[in-house]
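Read the structure below first, then the notes.
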Amino acid sequence: MSPDRPDVTRVVEAVYRIESARIIGALARLVRDVGLAEELAQDALVAALEQWPARGVPDAPGPWLMATAKHRAVDHLRRQENYRNKLALVGTAEALDEEALIVDAIDDHIGDDTLRLLFTACHPTLTTESQVALTLRMLGGLRTGEIARAFLTTEATVSQRILRAKRALTGVAFELPSPAELPSRLAAVLGTTYLIFNEGYAATAGDGWSRPQLIEEALRLGRVLSGRLPGEPEVHGLSALMELQASRLPARTDPAGHPILLADQDRSRWDRLLIRRGLAALARAESLGTLGPYGLQAAIAACHARALTFAATDWPRIAALYRLLAHVAPSAVVELNRAVAVGMAEGPAAALALLDQLHLPGYPHLPAARGDMLARLGRHQEARAAFTEAATLTTNAAERHLFTRRANS
């Protein structure tokens, strides 16, 4: 009797999501076209949906998808006008794979198709929005609709971003940057990964306080990068930062989904495994040299993770780390966070003096921080006005509820 089709379909989709990045990466190395590689991988998915319900799930489903996809790629190359020349060089279709691997071993200083795909998806010719959409599609295996729901936009918008990205990458070599180019290109990869994480951790719009699916994808990308680039301190710094921040997720909302502020969170609910992962990644980053912006943020997150209670937090150290971060990566948001830390370490009046110097139009967390400091100073009418302003600025429903509650308290 053939397996139940819905069950097999779920298996196929689960296997494809796990294996898709590796398959697309390997195909792109063969056909030198990211868009075509995804189409060929999708062909393998269709073949699995057609064959597995009748024949059963293979013992090694991932390799089955890879082999099927590579056969599709070889068939495509055979149909190309210049395939005869390639065949003369490598002898057989199977040798094409061997030649590609040999070339990679010689020219590729890292040697990983998934990593190569990530650098391609974050190519500097693409806009940030396209980098994010393509990364989630190619490396996360997310459907267009899933990406659209995650970022509260339309499927048509996401489809256009992905289509434009693929067109922009036409003719772009599917390769890792040279060692000399790696630092600048790596910055885009890390930035895209952290943008995905941040949108998951503190959603900018919608009803939910967070979007766990985006967090999981960013964590996975961070772990891939850490494994493939073990000598890059900022890779471990970013991984540490994301692991430590994600550890707080179970305690960030109440049963109704309303936000719980850091000071009020039940720290026994923080994920200890993620904390251990984060602290280990931070130690690795520190062992490789001076911490960069992600490493410094991870060190700040580690202060919170190591504190058994909110009162036990080492706020002077956090304020000092923010001072370093402001020097390394200056921004008004960093100054805002530094002011909050100063307020905890030195008192609300010191924080308010710093906050009043900042200009962040449309950013709800500035009036929210002012409201908190004003409330601590007993200036409750001004605090209510500040929280009301924050509530009107935010586009996230859960955050608006939080600010409104603070305004009315």
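Some observations on this one:
- Considering only residues in segment 263-294 that are in contact with a Pro (Cβ under 6 Å, 6 or more places away or on another chain) and part of a helix (DSSP H, G or I), the one that is surrounded by the most Cβ atoms within 10 Å (Cβ to Cβ) turns out to be Ala285.
- Residue satisfying condition, being in a loop (DSSP other than H, G, I, E, B), among the aliphatic types (A, V, I, L, M) and surrounded by fewer than 19 Cβ atoms within 10 Å (Cβ to Cβ), within set Ala187, Ala180: Ala180
- Qualifying residue in segment 140-150 (condition: surrounded by 16 or more Cβ atoms within 10 Å (Cβ to Cβ), at pLDDT 85 or above, under 17 Å from the mean Cα position of the chain (by Cα) and not aromatic (Phe, Trp, Tyr)): yes
- Filter result for Ala156 (under 13 Å from the mean Cα position of the chain (by Cα), modelled with pLDDT of 85 or more, in a helix (DSSP H, G or I) and on the phi < 0 side of the Ramachandran plot): no
- Cross-chain or 6+ apart pairs with Cβ under 8 Å, segment 160-177 first and free of Cβ contacts under 8 Å to residues at least 40 places away in the same chain and closer than 20 Å to Ala148 by Cβ, then of a type in the set (S, T, N, Q) and not in a loop (DSSP other than H, G, I, E, B): Arg161/Ser130; Ile162/Ser130; Ile162/Thr144; Arg164/Ser130
- Hey, Gly343 touching a Lys or Arg at 6+ places or on another chain (Cβ under 9 Å), surrounded by 22 or more Cβ atoms within 10 Å (Cβ to Cβ) and small (Gly, Ala, Ser) or not: yes
- Checked against the criterion of being hydroxyl-bearing (Ser, Thr, Tyr), over 30 Å from Ala21 (Cβ atoms) and outside the structural domain of Val340 (by TED's automatic domain parsing), segment 289-310 contains one or more residues that satisfy it.
- Of the helices (runs of 4 or more DSSP H) entirely within segment 346-409, those holding at least 1 residues that are crowded, with 17+ Cβ neighbours inside 10 Å and at pLDDT below 95 occupy 365-376, 380-393, 397-408.
- All of (1) crowded, with 19+ Cβ neighbours inside 10 Å; (2) more than 30 Å from Asn198 (Cβ to Cβ); (3) modelled with pLDDT of 85 or more; (4) among the hydrophobic types (A, V, I, L, M, F, W, C) hold for Ala121 with one exception: (2).
- If the condition is being assigned to a helix (DSSP H, G or I), at pLDDT below 90 and of a type in the set (D, E, K, R), then segment 217-262 contributes Glu217, Arg220, Arg228.
- Qualifying residue in segment 137-153 (condition: aromatic (Phe, Trp, Tyr), closer than 17 Å to Leu195 by Cα and not in a helix (DSSP H, G or I)): yes
- Here segment 331-345 is the region considered, the condition is being of a type outside the set (A, V, I, L, M) and part of a helix (DSSP H, G or I), and the residue that is farthest from Ala202 (Cα to Cα) is Gly343.
- All told, Leu225 meets the bar of being within 30 Å of Pro183 (Cα to Cα), outside the structural domain of Ile18 (by TED's automatic domain parsing), touching a helix residue (DSSP H, G or I) at 6+ places or on another chain (Cβ under 9 Å) and of a type in the set (A, V, I, L, M).
The values are calculated or read from the model by the stated rules, or taken from the named source; none is laboratory data. Every value quoted in this text rests on a predicted model; they were computed, and no experiment measured them. Glycine gets a Cβ as well: all are built from the backbone with ideal geometry, and neighbour counts include every protein chain shown.
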